[in-house]
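Okay, so here's the structure we're looking at.
The values are calculated or read from the model by the stated rules, or taken from the named source; none is laboratory data. Model, not experiment: these values are computed from the prediction. Surface areas here come from the heavy atoms of the whole protein model, side chains and all, with no ligands, DNA or RNA. Shrake-Rupley method; radii C 1.70, N 1.55, O 1.52, S 1.80 Å.
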Amino acid sequence: DGDGTVDLIMSEATTLEADGGSLTVSEDQDRLGNAYSVATTHTTADRQTVTQTNDYDADETIDLSVVTDTDLSIDGIETQTVTRTAADLSTIGLLTVVTSADKRLVTTTNDVDGNGFNDIETVFLLQGIGTQRTDTSYFSSGGALEGTYAMIVSGEGRTTTQLRDYNGDGESDLRSVETTAIGVDGSTTGSVEHRGQHHSLKGRQDWSTSD
């Protein structure tokens, strides 16, 4: 408040452990040295496990714990798991990312509320010709498929296709295709076309720009 009195003191200290791990403690204090909140980050020596804790009211009870585990298999597949735990030790979130050895396939599952069912699943695939495809599936709290969304970008980046299935029945309710072309004179032309089920035309927009 600009009255010349320090209202908040922020401190951070990192300790290197004998086995190569490290522990960082961050603390917010009032001007009398009383702690407002305390956060810690512990990293193992192999850097495969990072544990973050937050005590939001400095009552010496951990309110939130986030543990990130990274595992690399002998065939090069990397699996990263992020687990969020509440003060009562219940799981309130679980995120898993699996990356192939060649980095071309990444599968992400997210249980946002920790009830044991994935709420969102995303699969990213980079094909040999450079085409990128991302498929996202949305699930109910009980694990039932509710809808999907897919985006496909061509290798040269000039065609983008979006597919939306609003009810998870496997049929695209809306298909949008955007294309762009560059002429020899530097001009640009493009279009966006929307089609519903049975390929019925829902709308189309065309544009062009000169060099």
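When you restrict to C-alpha pairs under 8 Å that are six or more residues apart and normalise by the size of the range 81-144, the relative contact order lands at 22 percent. Accessible surface for Leu64 stands near 20 Å², nearest 10, in the context of the full protein assembly shown (1.4 Å probe).
Heavy-atom surface analysis with a 1.4 Å probe gives the range 34-108 a carbon and sulfur content of 55 percent of its accessible area.
Note that the range 24-36 has calculated 3J(HN,Hα) couplings of 10, 10, 10, 9, 9, 10, 7, 5, 8, x, 7, 6, 8 Hz, one per residue in order, obtained from phi through the Karplus relation 6.51 cos²θ - 1.76 cosθ + 1.60 (θ = phi - 60°); glycine and proline are x. Using a probe of 1.4 angstrom and keeping all protein chains present, the accessible surface of the range 144-211 works out to 64 square angstrom per residue. Accessible area per residue for the range 1-103, computed on protein heavy atoms with a 1.4 Å probe, is 64 Å². Here the contact order of the chain, divided by its residue count and restricted to Cα pairs under 8 Å and six or more residues apart, works out to 7 percent. Solvent-accessible area of Arg84, all protein chains in place: 100 Å² (probe radius 1.4 Å, heavy atoms, ligands and nucleic acids excluded).
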